[in-house]
Amino acid sequence: MTGGSVTQQILGEHLVEGELIAGTEIAIRIDHTLTQDATGTLAYLQFEALGLDHVRNELALSYVDHNMLQTGFENADDHRFLQSAAAKFGVQYSRPGNGICHQVHLERFAVPGKTLLGSDSHTPTAGGMGMLAIGAGGLDVTMAMAGEPFTMTMPEIVAVRLIGGLGQWVSAKDIILELLRLEGVRGGRGRVFEYIGLGVEALSVPQRATITNMGAELGATTSIFPSDSQTLRYLKAQGRERSWRAIAAGTDAAYDAEIVIDLDALGPLVAGPHSPDNVVPVEQVAGTLVEQVAIGSCTNSSYHDLAIAARILDGRTVHPNVSLVITPGSRQAFLMAEREGIIETFLRAGARILESACGPCIGMGQAPASSSASLRSFNRNFEGRSGTPDARVYLASPEVCATSALIGRISDPRELAIPYPVIPLIPAKYLIDDTQVIANPPNPATEIVRGPNIAPLPIFDALPDRLSGPLLLKLGDDVSTDAIMPAGAKVLPLRSNIPALAAFAFARVDPTFAERAKKQPGSFIVAGSNYGQGSSREHAAIVLRYLGVRVVIAKSFARIHAANLVNFGILPLTFTDQVDYDHLASGDLLDMREVAAQLDAGGPVRLTNAVGKVLELRHELSARQRQILRVGGLLNHARQGVLAVV
């Protein structure tokens, strides 16, 4: 398929079922899969449960980059489990310290025109190289490793036309912050953002990857750039030019909508607490005192990001009231920064260097001081995500972050009394050392090593025909998976132990939730719009099912979380009439009868509330999803012999 948009071309080459008509269900073949250690242990337990002896997709990678603090045995045990599972099933294993999965995959594995499914919402990072990269729940990735196609709703394709060029002190981070300002965290639901226009041509692959990475905050299915001369230049510098192919939108490309961003008109932007779309020009928040500045994460930790921050700090000292931490995104970036004196510059300026991992972005260390402001080059600033409940987290480019670290307040880098640093966007040659990735041929004789914290998978029963129980929790709009199932150094080590993890469900929202839920199986949750935004963590669904939640009713759902609910046998329903949200209150006893028949009929699903009022709810479930729900989840469905590849 040579015509159409970049998205249509790649989808067309990988289409297994359906037609490329927005809003309809399609299935596509997946070439690459990735997991990380916060989601991977559960994913490989699920793969083991399928009874297959090796992965069936072209390339599967297991990264260790999240649960890196080893204050107890749990994380180390998970890493040992993952390494042994990779050896058994034929999965490449990226060792702790090799870097953040998205950065490493972009550098060493991503291929233009191929598909990637990852158990992390920021998997679309590889879209910066013209790869169709989609985040999903771990069980969906497990099925892709089993050779199954990935099923999703065909998204609308929105063109983001970039015109003009970036000015001094303005970066790729400001492009994606501008799109978030325009569209909001719900603006990408059911959409792919495809970047076109003359403004694209000057953006390097790492710059493009910053944009596609943070496109996840829009709720988009994915984001993608063409594969062009910039892509070839990057792959040559990585010694991977044989992976290149040109992919550009055809002259006949038609888009469902178009957004225009004038790069000439952009200035440095900042996202304020507590949402990535709370975006304003830096001038509006300049002067805000900051006590912590963090540069890194999978969004802005490339070699170029480190180099430009170091140039700003060179010969200067971080403000005495500021803690500056630096996270190189990969071992490659770290080694290059060390070789070229960038690490020394950071240290002389007073920065602290962290290992190449997610770290502070997921609350895994470096929690800010109480009631303080933290400025970060990260992608998310949800309330409490940093590990400090009352911290105020701001998001900005490395340029704004480095400048602010010197001054002690959020500051506009254009006011620095130094020339704009001229740094090549791509070095002629990256430092290449793949020794920390273990390539594993399948070895069925390998014993998978389990520590005491790795619990067996819960077994869930089928969906009953009558659902009756209390409304345990009523929530507002934009509830994130961080709110449902927190991350952080205390909770993340329990990701392979669902019974222990479940105790923390909604802990920041209602500390009594888990205990109440266990005592009242068959319960309901109600929420506003965009329920389940943010991280792909399937744990936010599986712990609710473990605690007895059977139905979630919302004004709308985030894509990945809605799929995760179905995968674990929880029925997601939306309000036919939005005012019905007001007719439900926490503690109400709710009742639904003849559930299967109502779902199959395709019409409204009727719910009786506490005072006998009948509410009509709707679903967007395909026939396949209804079958999955009926048997109690996707793993049950697969165990019943529905695998296409055996």
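Numbers for the structure displayed
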item	result
Å² per residue, accessible surface of the stretch 184-341 at 1.4 Å	35
Answer label, with volume of the Cα convex hull per residue in Å³ calculated from the coordinates and candidates (i) 239; (ii) 187; (iii) 139	(iii)
Accessible carbon and sulfur surface of the stretch 52-190 relative to its total accessible area, %, 1.4 Å	43
Size of electric dipole in the stretch 129-257: Cβ of Lys, Arg +1 and of Asp, Glu -1, about Cα centre, debye, nearest 20	360
The chain - share of DSSP beta bridges that are antiparallel (%, nearest 5)	30
1.4 Å probe accessible area per residue over the stretch 566-633, in Å²	45
Cross-link partners of K474 among aspartates and glutamates (Cα-Cα below 13 Å; sequence separation of 8 or more within a chain)	D510, D580, D582, D588
Label point distance in nm, I432-L182, each placed 7 Å from Cα along Cα→Cβ	3.7
Fully extended contour minus Cα-Cα distance, from T576 to E338, at 0.36 nm per residue	79.9 nm
Inter-probe distance in nm under a simple model that places probes 7 Å from Cα toward Cβ, at Q640 and R624	1.6
Farthest toward positive dipole pole in the chain [+1 Lys/Arg, -1 Asp/Glu at C-beta], among G72, A220, V285	G72
Charge dipole magnitude, Cβ of K and R +1, D and E -1 - the stretch 61-203, Cα centre, debye nearest 20	120
Rough spin-label spacing in nm, given labels placed 7 Å along Cα→Cβ, for D53 and Q284	6.1
Cα-centre dipole for the stretch 383-521 with unit charges at Cβ (Lys and Arg positive, Asp and Glu negative), debye to 20	380
The stretch 528-571 - percent of accessible surface contributed by carbon and sulfur, probe 1.4 Å	48
Accessible surface, 1.4 Å probe, highest first, among residues L406, L139	L406, L139
Peptides 9-15, 121-127, 561-567 ordered by average Cβ neighbours within 10 Å, highest first	121-127, 561-567, 9-15
Among the listed pairs K490/K555; K490/K518; K88/K114; K173/K555, those beyond 28 Å (Cα-Cα)	K490/K555; K173/K555
Net lengthening on full extension, S371/I459 (0.36 nm per residue, minus Cα-Cα)	27.5 nm
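The values are calculated or read from the model by the stated rules, or taken from the named source; none is laboratory data. As the structure is a prediction and not an experimental result, all values here were calculated from the model. Cβ: placed from backbone, ideal geometry, glycine included. Neighbour counts: every protein chain shown. The area values use the complete protein model at the heavy-atom level, side chains included, leaving out ligands, DNA and RNA. Shrake-Rupley method; radii C 1.70, N 1.55, O 1.52, S 1.80 Å.
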